[in-house]
Amino acid sequence: MLQEVNIRVPATTANMGAGFDTFGMAFAMYNTVALKRITGNAIRLENLGAHTKTMEQVKDNLTVRSARKVFDAVGEPFAGLEFKMYNVIPVSRGLGSSSAAIIGGLMAANRLLGDPLDKAQLLELAVELEGHSDNVAPALYGGFVSSCQRGGKTVALKLTPPANLAAVVAIPDFYLSTSKARKILAPEVKRADAVHNIQCAALMVGAMATGDLQLFAAAFDDRLHQEQRYRLIKGAKRVLRAARSAGAIAAGLSGAGPTMIAFINTEDNRAEQIKKAMQRAWEFAGVSAKTMLLEQDNQGAQDC
Ligand code: HSE
């Protein structure tokens, strides 16, 4: 029986243009969860830089709640455990921090118990916790994942993105909760807009399957959510234009925002100029932001 496990979980972007609530991709920026058995029945939690939390806070923690799901699913008592979290994925910025917390808890618990559940079962638990699968699926599997719910089950297709695809993200210093960014969306869409997104989404899957970055650039477009959300994100459209003019092959919102993501062909060697252009555009809008280059992750959550 394992006494201790260490799991790392990648950051993710969701939607990727046309694939609202459908597409996601994992990047090499990781949160880690260390889970070990301790004597007694307590559940302890430590976040990097923070003190051990009280019992109430521990119970509410998303990683702890997720781990508990696995223990409950296999009928193991949830007691005598210590969680240590090292979180680097920025919170409420559209880079999958809550999905990383969920997948970290599920994977760590499952490993500690000897892997009683397979990845498809873990994904179902993750979707129950998160409500949609677009971030949790790539956090679990890595790579690009297209997923949907059919007959109460999650169907997920993982593809390995072209090796020369990476992203520059510009993360502003303000939060935007996914629920706020969802509330702003009109409840109905025009048929022409729905058709446009279906066409682009189908091409995007083709771009990922064939490694065609020109097709990727052509397919990266959206008429279902981005335009409405830009109203909540000061400077977003300026950052978008800046990324495109600096040589990004495609750019848009990362998930529900507020982070802006620019996809790049690494062979173009334009990452630095795109970072600078996005940073300057945010500054011009009076927003301070951090930019970084993110390489793709194709492993998903795993031991570390
Ligand atoms: N797809 C979600 C949204 C965000 O755009 O609201 C990530 O789960």
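The values are calculated or read from the model by the stated rules, or taken from the named source; none is laboratory data. Just so it is clear, the model here is predicted, and its values are computed rather than measured. In this analysis, Cβ positions are derived from the backbone assuming ideal geometry, glycine residues included, and neighbour counts consider all displayed protein chains.
Of note:
- When Ala289, Ala246, Ala242, Ala277 are checked against the criterion of being of a type outside the set (Phe, Trp, Tyr), touching a residue at least 12 places away in the same chain (Cβ under 8 Å) and touching a Phe, Trp or Tyr at 6+ places or on another chain (Cβ under 7 Å), Ala289 stands alone in meeting it.
- Search result, residues across region 231-244 that are buried (at least 20 other Cβ atoms within 10 Å of the Cβ) and within 15 Å of the ligand (Cβ to nearest atom): Ile233, Ala236
- Residues located in region 91-111, provided they are among the charged types (D, E, K, R) and within 12 Å of the ligand (Cβ to nearest atom): Arg93
- Looking across region 135-169 at every residue that is touching a residue at least 24 places away in the same chain (Cβ under 8 Å) and polar (S, T, N, Q), the one that is nearest to Ala301 (Cα to Cα) is identified as Asn135.
- For region 2-17, residues that are away from the ligand (no atom under 12 Å from the Cβ), under 23 Å from Lys158 (Cα atoms) and aliphatic (A, V, I, L, M) total 3.
- Within region 137-233, strands (runs of 3 or more DSSP E) holding 3 or more residues that are in contact with a strand residue (DSSP E or B) (Cβ under 6 Å, 6 or more places away or on another chain) and farther than 28 Å from Thr291 by Cα: 153-159
- Any hit, region 225-243, residues being of a type in the set (Asp, Glu) and under 24 Å from Ala163 (Cα atoms): no
- Residues being among the basic types (Lys, Arg) and within 12 Å of Ala67 (Cα to Cα) - total across region 104-138: 1
- Which listed residue, of Ala109, Ala100, is at pLDDT 95 or above, in a helix (DSSP H, G or I) and under 19 Å from Arg37 (Cα atoms): Ala109
- Any hit, region 247-255, residues being surrounded by fewer than 21 Cβ atoms within 10 Å (Cβ to Cβ) and not in a loop (DSSP other than H, G, I, E, B): no
- When region 256-293 is filtered for residues that are crowded, with 21+ Cβ neighbours inside 10 Å, in contact with a Leu (Cβ under 9 Å, 6 or more places away or on another chain) and assigned to a strand (DSSP E or B), the ones remaining, listed by number, are Met260, Ile261, Ala262, Phe263, Ile264.
- From Gln296, Gln302, residue being touching a Pro at 6+ places or on another chain (Cβ under 6 Å) and modelled with pLDDT of 95 or more: Gln296
- Annotation for region 123-134: at least one member residue is in contact (Cβ under 8 Å) with a residue 40 or more places away in the chain, away from the ligand (no atom under 15 Å from the Cβ) and either among the polar types (S, T, N, Q) or surrounded by fewer than 23 Cβ atoms within 10 Å (Cβ to Cβ) (or both).
- Qualifying position, being away from the ligand (no atom under 16 Å from the Cβ), modelled with pLDDT under 95, surrounded by fewer than 23 Cβ atoms within 10 Å (Cβ to Cβ) and on the phi > 0 side of the Ramachandran plot, among Gly114, Gly151, Gly143: Gly151
- Scan of region 184-193 for residues that are more than 16 Å from the ligand (Cβ to nearest atom) and either under 18 Å from Met16 (Cβ atoms) or charged (D, E, K, R) (or both), ordered by number: Glu188, Lys190, Arg191
- Check on Ala156, buried (at least 19 other Cβ atoms within 10 Å of the Cβ) and more than 13 Å from the ligand (Cβ to nearest atom): yes
- Residue pairs meeting the criteria (Cβ under 6 Å; at least 6 apart or on separate chains; first within 15 Å of the ligand (Cβ to nearest atom), in region 170-183; second among the basic types (Lys, Arg)): Ala181/Arg229
- Qualifying residue in region 122-131 (condition: under 21 Å from Val169 (Cβ atoms) and either outside any helix (DSSP H, G or I) or of a type in the set (Asp, Glu) (or both)): yes
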